[in-house]
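Below is one structure, written out as structure tokens, with a few remarks after it.
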Amino acid sequence: MTAPDPWTDRRRHAATEHAAAHRRERAVDGERARSVVADFVQAAIRLGIAPAPLRARGYDGRSTYRTRLRGWALHTDGRMAVGTDGEFYLLTVPTSWWAHVVGVHLEPHDPPLQIGRGAGDGESIALSELLDRRLAGNA
């Protein structure tokens, strides 16, 4: 049996601590993002911006499917929306002939504080800015 390697133990400990810090940061960001989304829903209702039926788009980009959700699309391409339930939804789903008949069920996602993080220049936008643009009618 070999003796424990102090370097390996330190690296393992550092990796564990880094992962824990990342989880804590994501939890804080998630709470902030959910607060931003809740504020958006209240503002949209207050401003009289009517929610619309939300439709999901197939991965092929051509097919669209009914959902049981109503809310506000956040992008002109219909990739994401905020539901009247105050949840954030991604509106892309696998293409399915059966979904044309019965529609699709969407699960809410944790909203990111930054939409398109890691994308090219000009392709990333803060969630709060995107929601403000939607309230102003510029989404």
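General observations
- Within segment 98-115, if we keep just the residues that are part of a loop (DSSP other than H, G, I, E, B) and under 10 Å from the mean Cα position of the chain (by Cα), the residue that is modelled with the highest pLDDT turns out to be Pro108.
- Of all residues in segment 81-97, those that are more than 23 Å from Ile49 (Cβ to Cβ) and open to solvent by less than 30 Å² (accessible area, probe 1.4 Å) have Cβ atoms under 8 Å from Cβ atoms of residues that are in a loop (DSSP other than H, G, I, E, B) and of a type in the set (A, V, I, L, M, F, W, C), 6 or more apart or on another chain, in Val93/Val104; Val93/Leu106.
- For first residues located in segment 100-113 and within 14 Å of Leu127 (Cβ to Cβ) and without any contact (Cβ under 8 Å) to a residue 40 or more places away in the chain, partners that are buried (at least 16 other Cβ atoms within 10 Å of the Cβ) and among the hydrophobic types (A, V, I, L, M, F, W, C) and lie 6+ apart or on another chain with Cβ distances below 9 Å form the pairs His109/Met80; His109/Phe88.
- Flag for Arg133 being open to solvent by 30 Å² or more (accessible area, probe 1.4 Å), touching a strand residue (DSSP E or B) at 6+ places or on another chain (Cβ under 9 Å) and without any contact (Cβ under 8 Å) to a residue 12 or more places away in the chain: yes
- Test for Thr16: is it among the polar types (S, T, N, Q), open to solvent by 50 Å² or more (accessible area, probe 1.4 Å) and assigned to a loop (DSSP other than H, G, I, E, B): no
- Residues that are open to solvent by 80 Å² or more (accessible area, probe 1.4 Å) and hydroxyl-bearing (Ser, Thr, Tyr) within segment 32-47 are absent altogether.
- Sub-7 Å Cβ pairs linking a first residue in segment 22-46 that is closer than 17 Å to Gly86 by Cβ to a second residue that is of a type in the set (Phe, Trp, Tyr), at least 6 apart or interchain, are Val37/Phe88; Ala44/Trp72, ordered by first then second residue.
- Within segment 69-80, considering residues that are without any contact (Cβ under 8 Å) to a residue 40 or more places away in the chain and in a loop (DSSP other than H, G, I, E, B), the one surrounded by the fewest Cβ atoms within 10 Å (Cβ to Cβ): Asp77
- Test: residue in segment 79-97 that is more than 26 Å from Arg26 (Cβ to Cβ) and modelled with pLDDT under 90: yes
- Any hit, segment 40-59, residues being closer than 23 Å to Gly137 by Cβ, assigned to a helix (DSSP H, G or I) and among the small types (Gly, Ala, Ser): yes
- Ala50 being modelled with pLDDT of 85 or more, aliphatic (A, V, I, L, M), surrounded by 10 or more Cβ atoms within 10 Å (Cβ to Cβ) and under 23 Å from Arg134 (Cα atoms): no
The values are calculated or read from the model by the stated rules, or taken from the named source; none is laboratory data. Predicted, not measured: the structure shown is a model, and the values here were computed from it. We place every Cβ from the backbone using ideal geometry, glycine too, and count neighbours over all the protein chains shown. What goes into the accessible areas is simple: the full protein's heavy atoms, side chains included, and nothing from ligands, DNA or RNA. Shrake-Rupley method; radii C 1.70, N 1.55, O 1.52, S 1.80 Å.
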